[in-house]
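First up is the structure itself, then whatever we jot down about it.
The values are calculated or read from the model by the stated rules, or taken from the named source; none is laboratory data. A quick note: this is a predicted structure, and the numbers were derived from the prediction, not measured. Ideal geometry is used to build each Cβ from the backbone, glycine not excepted, and the neighbour counts take in all protein chains shown. These accessible areas exclude ligands, DNA and RNA; they are computed on the full protein's heavy atoms, side chains included. Shrake-Rupley method; radii C 1.70, N 1.55, O 1.52, S 1.80 Å.
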Amino acid sequence: QVQLVESGGGLVQAGGSLRLSCAASGSIGGINAMGWYRQAPGKQRELIALITSGGVTNNADSVKGRFTISRDNAKNTVFLQMNSLRPEDTAVYYCYAHLWPRGSYVSSDYWGQGTQVTVSS
């Protein structure tokens, strides 16, 4: 069984910073992409940033220059450094991984439980 566990959310003032972490654990054969999505109240879940196993990244325009995604392949962990936070960044942030379980050649999407990020003005 595979689990994604996030940490690092919380309350911060506008202009502040937070660092999210997400560790994938369990019976993992390999991980392709890892990343972060977010969902604000009344809005659809949106992609924030993705990173491949080779380190290629893709960030949403709304966070370019402010958020940085990174990854520790040896620890199956992905990070999101969020700087210059704005009230509109307030949302539940979800960790994502596209991986295949050990012993399987079929890859699937996996999600964390979500962590709340609240930015006050």
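Going through (1) buried (at least 20 other Cβ atoms within 10 Å of the Cβ); (2) free of Cβ contacts under 8 Å to residues at least 40 places away in the same chain one by one, GLY55 falls short only on (1).
Screening TRP100 against (1) modelled with pLDDT under 95; (2) not in a strand (DSSP E or B) leaves a single unmet condition, (2).
Residues in segment 18-51 that are closer than 22 Å to SER120 by Cα, over 14 Å from the mean Cα position of the chain (by Cα) and open to solvent by less than 30 Å² (accessible area, probe 1.4 Å): ALA40 alone. For segment 86-99, filtering for residues that are surrounded by fewer than 20 Cβ atoms within 10 Å (Cβ to Cβ) and among the acidic types (Asp, Glu) leaves 1. The residues on offer are ASN83, ASN73, and the sole one that is in contact with a Lys or Arg (Cβ under 8 Å, 6 or more places away or on another chain), open to solvent by 50 Å² or more (accessible area, probe 1.4 Å) and not hydroxyl-bearing (Ser, Thr, Tyr) is ASN83.
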